[in-house]
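Note sheet for the following structure.
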């Protein structure tokens with residue numbers, strides 16, 4: 001990612017254009033529904049949001065997510081409008097019958113810079129079971145190939161939880177075969193329907209991060225983790241162990257620091273997985289909310305983190321998942337319970353799951 005001052009602008013601005021979706025995915029943050037919400041932002045309100053987003057600066061990345069963005073009839077129009085304003089527009093459609101070759105071509109013609117699809121299993125049975133819809137795997141893979149044919153860069157998103165972790169090597173192979181440019185590996189945060197799923201334990205997460213580091217060095221596609229900034233710590237430690245390298249660098253985002261999320265009704269959150277509103281785009285510019293709200297400013301102060309995250313020497317390059325800390329404790333500045341790392345000399349409280357593992 002091009003370095004930016006994250007106190008001034010996010011790397012990524014997500015706009016959840018709708019909660020409507022035909023799928024009933026087990027992990028859905030949005031708790032998506034079959035029909036569109038009557039109070040979601042209108043086309044004109046959405047264009048005003050995109051106008052404001054352009055004030056962040058040239059080439060601001062905007063992701064249209066959902067639900068399923070293609071459940072809105074104006075998504076292609078919004079992509080075209082945002083592109084005209086100088087925004088880098090990307091879309092994360094659901095793997096349904098609406099994701100046709102024609103729909104992909106229309107998005108490409110509108111100027112979409114990337115298409116992101118979700119693949120959570122290496123086979124139709126595994127993926128469709130997780131997504132709650134027979135045929136979703138086939139539709140998703142077909143759309144991924146259509147994106148490649150249309151010259152649109154492809155990102156593959158994968159959720160990591162107890163029910164998907166064993167399939168990750170098979171998904172890795174599929175990411176390679178589809179010619180994706182980026183694999184985004186999302187570590188479950190217990191919000192929405194995801195509260196009913198089993199997260200992997202911290203020690204398993206650490207081993208998985210080490211495996212992802214190996215994959216990143218072997219494959220031609222990039223890897224990023226979502227809600228797992230500890231991956232940056234693991235990569236630095238692995239580089240140090242291999243060749244004495246691994247100097248810490250900024251190079252990432254966390255909720256409210258390089259990342260912002262606008263809900264379908266215009267609420268501005270640090271992340272879709274940290275549902276604490278700092279304002280509404282119907283009342284103020286998303287730029288002002290991001291730069292000046294108390295919540296966003298607090299989340300950018302890494303030296304104010306609490307618990308072992310606050311004592312950690314990697315707090316500026318990692319910082320822990322603020323969304324997972326909030327989900328676990330109600331405190332967005334608390335420790336990330338997924339990370340097993342304990343800073344040298346730290347003897348304070350540990351997150352509940354890590355403390356239980358230590359006691360065992």
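The values are calculated or read from the model by the stated rules, or taken from the named source; none is laboratory data. Just so you know, these numbers come straight off a predicted model, no measurement behind them. Cβ atoms come from the backbone with ideal geometry, glycine included; neighbour counts cover every protein chain shown.
A compact table of results
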| item | result |
| --- | --- |
| Scan of region 235-248 for residues that are surrounded by 12 or more Cβ atoms within 10 Å (Cβ to Cβ), modelled with pLDDT under 75 and at negative phi, ordered by number | 248 |
| Any hit, region 246-262, residues being more than 30 Å from residue 37 (Cβ to Cβ), in contact with a strand residue (DSSP E or B) (Cβ under 6 Å, 6 or more places away or on another chain) and touching a residue at least 60 places away in the same chain (Cβ under 8 Å) | no |
| All positions within region 302-313 that are more than 21 Å from the chain's Cα centre (by Cα) and either surrounded by fewer than 23 Cβ atoms within 10 Å (Cβ to Cβ) or more than 13 Å from residue 344 (Cα to Cα) (or both) | 303, 304, 305, 306, 307, 310, 311, 313 |
| Given (1) surrounded by fewer than 17 Cβ atoms within 10 Å (Cβ to Cβ); (2) modelled with pLDDT of 95 or more; (3) within 23 Å of residue 274 (Cβ to Cβ), number of the condition residue 198 does not satisfy | (2) |
| Selection count, region 268-285, where residues are over 19 Å from the mean Cα position of the chain (by Cα), touching a residue at least 24 places away in the same chain (Cβ under 8 Å) and either over 12 Å from residue 52 (Cα atoms) or not in a loop (DSSP other than H, G, I, E, B) (or both) | 0 |
| Evaluation of residue 126 against (1) closer than 28 Å to residue 261 by Cβ; (2) touching a helix residue (DSSP H, G or I) at 6+ places or on another chain (Cβ under 8 Å); (3) buried (at least 19 other Cβ atoms within 10 Å of the Cβ); (4) modelled with pLDDT under 95 (one fails), failing number | (1) |
| Search result, residues across region 96-119 that are under 19 Å from residue 81 (Cα atoms) and surrounded by fewer than 23 Cβ atoms within 10 Å (Cβ to Cβ) | 103, 105, 106, 108, 109, 110, 111, 113, 114 |
| When residues of region 149-168 are limited to those that are surrounded by fewer than 16 Cβ atoms within 10 Å (Cβ to Cβ) and more than 20 Å from the chain's Cα centre (by Cα), the one nearest to residue 226 (Cα to Cα) | 166 |
| Residues located in region 324-347, provided they are touching a strand residue (DSSP E or B) at 6+ places or on another chain (Cβ under 9 Å) and assigned to a loop (DSSP other than H, G, I, E, B) | 332, 338 |
| Residue in region 223-245 that is in contact (Cβ under 8 Å) with a residue 24 or more places away in the chain, under 30 Å from residue 42 (Cβ atoms), assigned to a helix (DSSP H, G or I) and under 21 Å from the mean Cα position of the chain (by Cα) present | no |
| Residues that are in contact with a strand residue (DSSP E or B) (Cβ under 8 Å, 6 or more places away or on another chain) and over 24 Å from residue 4 (Cα atoms), drawn from region 43-69 | 46, 66, 67, 68, 69 |
| Pair list, Cβ < 8 Å and 6+ apart or interchain, from region 36-55 residues that are modelled with pLDDT of 95 or more to residues that are part of a helix (DSSP H, G or I) and surrounded by fewer than 18 Cβ atoms within 10 Å (Cβ to Cβ) | 43/77 |
